[in-house]
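Scroll down for the structure; my scribbles are underneath it.
The values are calculated or read from the model by the stated rules, or taken from the named source; none is laboratory data. All of these numbers come straight from a predicted model, not from anything done at the bench. Cβ coordinates were reconstructed from backbone atoms using ideal geometry, including for glycine residues, and neighbour counts include every protein chain displayed. When the accessible area is computed, the model is the full protein with side chains, heavy atoms only, and any ligands, DNA or RNA have been set aside. Shrake-Rupley method; radii C 1.70, N 1.55, O 1.52, S 1.80 Å.
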Amino acid sequence: MQNTIKVERAILNLTQDDLAKKIGVSRQTINSIEANRYVPSTVLALKLSVLFNKPVNDFFKLSDDD
Amino acid sequence: MNKQNIVDCERNRLEKITSFRLPQYFYKVGIAIGAITIIMMFVRAFAMEGDTEWLKHLLQKTLLIGMLLMSIARDKEEDELTIKLRMQSYAWAFITGVVYTLVMPYVEFGVSNVVHSGGEVYQDLGDFQILIFMLLVQLMSYHTLKRYR
């Protein structure tokens, strides 16, 4: 799974900490998601979708090995 | 209550038990209990005389309680990633605990007989030794996984 959370976050001019607070997780969790070390739950993905005002598919993409 | 409701009720109860955590300050309470118990263990071993076997067993139980509190206390920033890491650490603790229980008696027996011929006879591990090992592995693996998240 690949994602463009970092880009979306930059568009909204948010730090990892800001984004973490907005969706109720720790900064390290955002860091892990951005680094593709952790695939978030559907609930978290939908929270990000609401925040970015975009469908989940726009910032989460399946990679070849998925 | 129909069958589906009973199943839902059971599932909800199981989920509540699975997600049960003590408040965060219990982690510090657990550390304090553990530290005091370890100090008391040294005092019992080196400064007390007479039959203190009952105290040894009491201190072992207290140490286990302290570490259990540390294990099930809520994290400062508990979210879905820390819950996943916690579950992974329990899996690690369980698997290594079983392997340790199976292998360690033979290691102790072998080492004892190599060091001095006709050493200890084979004996299984005690409950304290297994439980303390599992709790140690759980706590260490959880904090290691958290550090590398």
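Take the protein assembly as shown, compute every pairwise Cα distance, and split them into 10 Å bins from 0; I just need the percent in each bin.
Per 10 Å bin, starting at zero, the Cα-Cα P(r) for the protein assembly as shown comes out as 7, 21, 25, 22, 14, 8, 3, 0 percent.
Tilt of helix B:80-115 relative to the longest C-alpha principal axis of chain B, in degrees (0 to 90, nearest 10)?
20
Considering only B:TYR142, B:TYR27, B:VAL7, whose Cα is most displaced toward the positive end of the charge dipole of chain B, charges sitting on Cβ of Lys, Arg (+1) and Asp, Glu (-1)?
B:VAL7
Provide the buried accessible surface between chains B and A in square angstrom, both chains summed, 1.4 Å probe, rounded to the nearest 100. Mind showing how you got there, number by number?
Numbers: alone 10640 and 4380 Å², together 14240 Å².
The buried area between B and A, both sides summed, comes to about 800 Å².
Please give the helix B:127-147 orientation as an angle from the longest Cα principal axis of chain B, in degrees from 0 to 90, rounded to the nearest 10.
The angle comes out at about 50 degrees.
I need the Kirkwood Rh of the stretch B:1-86: take the reciprocal of the average 1/r across all distinct C-alpha pairs and report it in angstrom.
Numbers: mean 1/r = 0.0637 Å⁻¹.
The Cα-based Kirkwood calculation yields 15.7 Å.
Mind giving me the FRET efficiency for B:ILE83 and B:ALA47? R0 is 41 Å, r the Cβ-Cβ distance, nearest 0.05 is fine.
On the way: r = 43 Å, r/R0 = 1.06.
For B:ILE83 and B:ALA47, the calculated efficiency is 0.40.
Excluding same-chain residues fewer than 8 positions from A:LYS54, which lysines have a Cα within less than 18 Å of its Cα?
In chain and number order, the partners are A:LYS6, A:LYS22.
Which angle between 0 and 90 degrees, to the nearest 10, do you get for helix B:3-18 versus the longest principal axis of chain B when only C-alpha atoms count?
50
Enter the per residue convex hull volume of chain B, computed from alpha-carbon coordinates, in Å³ rounded to the nearest integer. Could the numbers behind the result be given before it?
Numbers: hull volume 28.0 nm³, N = 149.
Enclosed volume per residue, from the Cα hull, is 188 Å³.
How large is the translational diffusion coefficient of chain A in µm² per second when you combine the Kirkwood radius over alpha carbon pairs with Stokes-Einstein at 4 °C and 1.567 mPa s?
Numbers: Rh = 11.8 Å.
Stokes-Einstein gives a translational diffusion coefficient of 110 µm²/s.
Residue farthest toward the positive end of the dipole of chain B, with Cβ of Lys/Arg at +1 and Asp/Glu at -1: which of B:VAL98, B:VAL121, B:LEU81?
The residue sitting most towards the positive pole is B:LEU81.
Label 7 Å along Cα→Cβ of B:THR96; the stretch B:58-83 residues with amide nitrogen under 18 Å?
B:64, B:67-72
Let me check against my output: what whole-number percent is the relative contact order of the stretch B:22-149, with C-alpha pairs under 8 Å and at least 6 apart? Walk me through the numbers on the way to the answer.
Numbers: 108 pairs, mean separation 38.5, N = 128.
Rounded, it is 30 percent for the stretch B:22-149.
On average, how many beta carbons from a partner chain sit within 10 Å of the beta carbon of a residue in B:142-149?
Numbers: counts 0, 0, 0, 0, 2, 1, 2, 8.
For peptide B:142-149, the averaged partner shielding equals 2.
Name the residue, out of B:LEU64, B:LEU55, B:LEU85, whose mean-square fluctuation peaks in a Gaussian network model built on chain B with Cα pairs under 10 Å.
In the Gaussian network model the winner is B:LEU55.
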